[in-house]
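Everything below concerns the one structure shown next.
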Amino acid sequence: MSQLFSPLSLGQVTLNNRIIIAPMCQYSANNGAASDWHTIHLGQLSLSGAGLLILEATAVNPEGRISYGDLGLWNNETQQALDKSLKAVRQYSPMPIGIQLAHAGRKASTEKPWDGGDAIASDDVNGWKTLAPSAIAYDDKSPVPKAMSQHDIDSLIKDFVSAAKRADELGLDLIELHGAHGYLLHQFLSPLSNKRDDNYGGSLENRMRLLLDVFKAVRAVFPSEKAVGVRISATDWVEGGWDLEQSIVLSKALDELGCDFIHVSTAGLSPDQQIPVKPNFQVPFATAIKEAVNMAVIAVGLITEAQQAEDIISEQQADG
């Protein structure tokens, strides 16, 4: 019997199978609002037969978008637009749907990928001043971000909470917090981007603090019968950066807080990354974390064949 097509529980949310559609940015929103493209895109994915669909990285405030075309969930307009798309999708599919809540930090304010993806100046009509744990640019082509104050951090947590409440009102089954791919929560985790000397920087405990605080705040307002998990980059693939050992410590801390799942990716924080890209190249990180926690562990990255996915599940390298 296929293990890939066996049920999987993420907290109290049960999936019919272990095929999970990971978040994929579409860069097709209008001022954060879902467009007709989202209805078509999400509709066809929801009819795929997968066990779960997770919506693309969705910014909790306007400054948190990667580009001006990113989806958002920060006011009534963005909520109503997404509600329209979701209602259309649900008419034809019972598939559970989740959302990835995100803030891009210093990797925000960029062009759409097909327009080059370069940073946009803050005084441009499509740009804005970026925020980060420290005033360190992503690369030599990017502007130096503003180091976040305590007020900025407090406001960010409130924005995640507000977006989580809106996600519940939309009837979404699950929230994934985006702590991967070099975006803001990952920027706080990595010693390469976090040079703070307050309670959010320095030690591993301090660098993990913001992500854990956001998780606790979101979990407190999102219904217990719905799932909350986290996506992480298990390594920066850069010497002296975030790595598997630190990821295991973070995963254990999330597990103790009642996190329902962890979605294990890698990279995205530094242009100096050296990634040995090949099929299953990220799966060993998921496996190492799975051995350390009780929550479900999701693997991702060049898993393109059915037998390949079946083997990952049957050999208990990951849960989905």
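The values are calculated or read from the model by the stated rules, or taken from the named source; none is laboratory data. Source: prediction; values computed, not measured. We place every Cβ from the backbone using ideal geometry, glycine too, and count neighbours over all the protein chains shown. Ligands, DNA and RNA are excluded from the accessible area calculation, which covers all protein heavy atoms including side chains. Shrake-Rupley method; radii C 1.70, N 1.55, O 1.52, S 1.80 Å.
The GluC sites (Glu not before Pro) of the stretch 220-267 that DSSP puts in a loop, and whose beta carbon has at most 15 other beta carbons within 10 Å, are 225, 239. Separation of the stretch 1-65 and the stretch 258-320 by C-alpha centroid, Å? Each part's Cα centre sits 18 Å from the other's. Taking a straight line from the alpha carbon of residue 252, these lysines sit under 17 Å away, with near neighbours fewer than eight places off in the same chain left out: 216, 290. Compute the distance from the alpha-carbon center of the stretch 90-130 to that of the stretch 199-251, in whole Å. Each part's Cα centre sits 21 Å from the other's. Summarising the overall dimensions of the chain from its C-alpha atoms, the Rg and Dmax are 18.4, 58 angstrom. Note on surface exposure: 205, 176 rank 205, 176 by accessible area, highest first, 1.4 Å probe.
Ellipticity at 222 nm from helices only: DSSP H runs of n ≥ 4 in the chain, each -39500 (n - 2.57), divided by the residue count, give -10000 deg cm²/dmol. Phi-derived couplings, Karplus 6.51 cos²θ - 1.76 cosθ + 1.60 at θ = phi - 60°, listed residue by residue for the stretch 68-77: 5, x, 6, 5, x, 8, 10, 8, 5, 5 Hz, with x used for Gly and Pro.
Look at the alpha carbon pairs under 8 Å that are at least 6 residues apart: their mean separation over the length of the stretch 43-156 gives a relative contact order of 24 percent. For the residues 148, 24, a 1.4 Å probe over the protein chains yields an accessible-area ranking, largest first, of 24, 148.
As a length-normalised measure over Cα pairs under 8 Å and 6 or more apart, the relative contact order of the chain settles at 15 percent. Here residue 272 sits with roughly 100 square angstrom of accessible surface, probe radius 1.4 Å. If you restrict to DSSP beta bridges whose two residues both lie in the chain, what percentage is antiparallel, to the nearest 5? Restricted to the chain, the bridges split so that about 15 percent are antiparallel. The alpha-carbon of residue 84 sits under 28 angstrom from the alpha-carbons of these lysines, leaving out residues fewer than 8 places away in its chain: 112, 158, 165, 226.
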